[in-house]
Structures are given as structure tokens and as C-alpha cells.
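What follows is one structure encoded as C-alpha cells, with my remarks underneath.
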Amino acid sequence: MKTTFAFIVLGILAFVPVNGQRKSELIAQNQKLKFELDSVQRTVSTAEKNERIAKQQAQDLQEQVSELKDANATLLKNLNSFSTLSKQNTENINKTLATLKQREAQLGTMFNTMAAHDSTAVVVLTHTKQALGENAKVQVLQGGVIVISESLDFFFDNGMGTQLSEGAKGWLVNLTKILNANPNTAVTLEGLSMTGELDMALQQAAAVAASLLKDHGIEGSRLTAKGLDGGLKEGIQVRIHPNYPAFYAQARDDVRE
């Protein structure tokens, strides 16, 4: 009996250290597993956080892509509009250039005509000197205008009335030669009065014009008569100048083309 009890006591004593060792090992394993679990949880938490960040970044990138698509669409639309507008502007510029070129040609024609008038003035002056003599009272004004002046006493007896003197009739023959030699010119007869009698001045200028028309065959469209205040001068002035109505009519037709 004593022997059996001894064996039991020895068995218990032998088991106690073994059991204590296994418990400590379990505790250590438990701590290790807990540490590993915490590590895994931290890894999962970090992964979830990174996933949320990635999703947000992906959403931001998608929004940016959408904005870029919209911006590109707007840019393409603007480029198309600009291309259309540029084409229209080019067409307008070409039309404007064509119009300017046409106007330049028209102005060139007008300037050439004016230059021709200046050249004609030289010819008319030469014919005037030849027909009326070197002592004729002749002036050359700007624009190719030749002015021939004579007193009222030269055209009318005592400078009165509207009946032309014999000397004036012969003088008009020579004036007709000048006008016939320069058919593109016109004539303005100006009666000058220093007493304010403009009606009489006009009648006297008209008498000279009537003689050129009826007696010498000068076309009426080339003749104009005026009565003017001569200030301190009186007499008849014969202005031989470019045919302004015909010139302006031609210029008007050129502009309309």
C-alpha cells in the first residue's frame, strides 16, 4: 500500500513540471498568434485605406478625363467656328481687295483725265495765242482753265445794251476757231458788273453765248452764261475749261461699274 502511494506521488510530481511547461508554450503561442493577428489587421486596414485612396484617385482621374473630353470638344467646336470665320474673313478681304483694286483703277482713270485736261490747257493756250494774238488778255488757272477777258466797251457799243459790236463779232470768229480745235472743252461766259446790275450782266453774257450758238454753231451743251458781281471790275470773261458735266458723268459711270 505504501509502495503504491509512493508511485502515485512520484507520478504527480513528474506530471506537474510537464504540464507547467506546456502551459507556458501555449501562452507563448497565443501571444505570437495575437501579434500576427494584429499585424494582419494592420495590413488589412492599410490595404483598405489604400483602396479607398486609390478609388478616390480613380474617381478624380475620371472626372479630369471627363473635363478634358469636354474641353477638347469645346476646343474642336471653337476651331471649327474659327475656321469658318477665318474663311469668311478671307473671302471678305478678297472682296475688299478686289473693290479697292477696282476703285484704284477708277481713280487712275480720273487722274489720267485730269492730267489730260492740264495738257489740253497748254494746247488751248497755244491756240488762243495763235487766234487772238500775243496781246490777248489770257490767264491760265488751276485745273486747266483758260480765262480770256475783254471790257464791256469791246463787246457792246459804249458798254451798254446787249447788241454786239462789229469788233466783238470778228473776235468771236477767232474764239470759235479755238473752240472747234478743242471739241472736248466747254465755255462759261461771265458778265461782270461793278454796279450790282446782275440781270444786265447776265443778259450781256447770254448775248455772247447766243452768238456762239446761232452764228458759229457751238453746241448749246457746251455753253453756260452767268451774271456775277465783279467787285471793281466789269466786262466779259470767257472761261474755256474741261467739260465738267461730261467728265463727272464718265466718272459716275466708272464708279458704278
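Against the condition assigned to a helix (DSSP H, G or I), surrounded by 15 or more Cβ atoms within 10 Å (Cβ to Cβ) and modelled with pLDDT under 95, how does A121 come out, does it pass? Yes; evaluated as a whole, the condition is true for this residue.
Residues of segment 222-245 include at least one that is β-branched (V, I, T), outside any helix (DSSP H, G or I), under 46 Å from the mean Cα position of the chain (by Cα) and modelled with pLDDT under 95.
A search for C-beta distances below 9 Å between a residue of segment 132-157 that is on the phi > 0 side of the Ramachandran plot and any residue that is aliphatic (A, V, I, L, M) and surrounded by fewer than 18 Cβ atoms within 10 Å (Cβ to Cβ), counting only pairs 6+ apart in sequence or on different chains, returns G143/M114; G144/M114; G144/A116; G144/V122.
Matching residues to (1) exposed (fewer than 15 other Cβ atoms within 10 Å of the Cβ); (2) modelled with pLDDT of 95 or more; (3) among the aromatic types (F, W, Y):
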site	(1), (2), (3)
D157	yes, no, no
A181	no, no, no
A186	no, no, no
L189	no, yes, no
E197	no, no, no
L202	no, yes, no
V208	no, yes, no
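For segment 130-162, filtering for residues that are of a type in the set (D, E, K, R) and over 19 Å from T188 (Cα atoms) leaves 3.
The values are calculated or read from the model by the stated rules, or taken from the named source; none is laboratory data. Since this is a predicted model, take the numbers as computed values, not measurements. Virtual Cβ from ideal backbone geometry, glycine too; neighbours counted across all protein chains shown.
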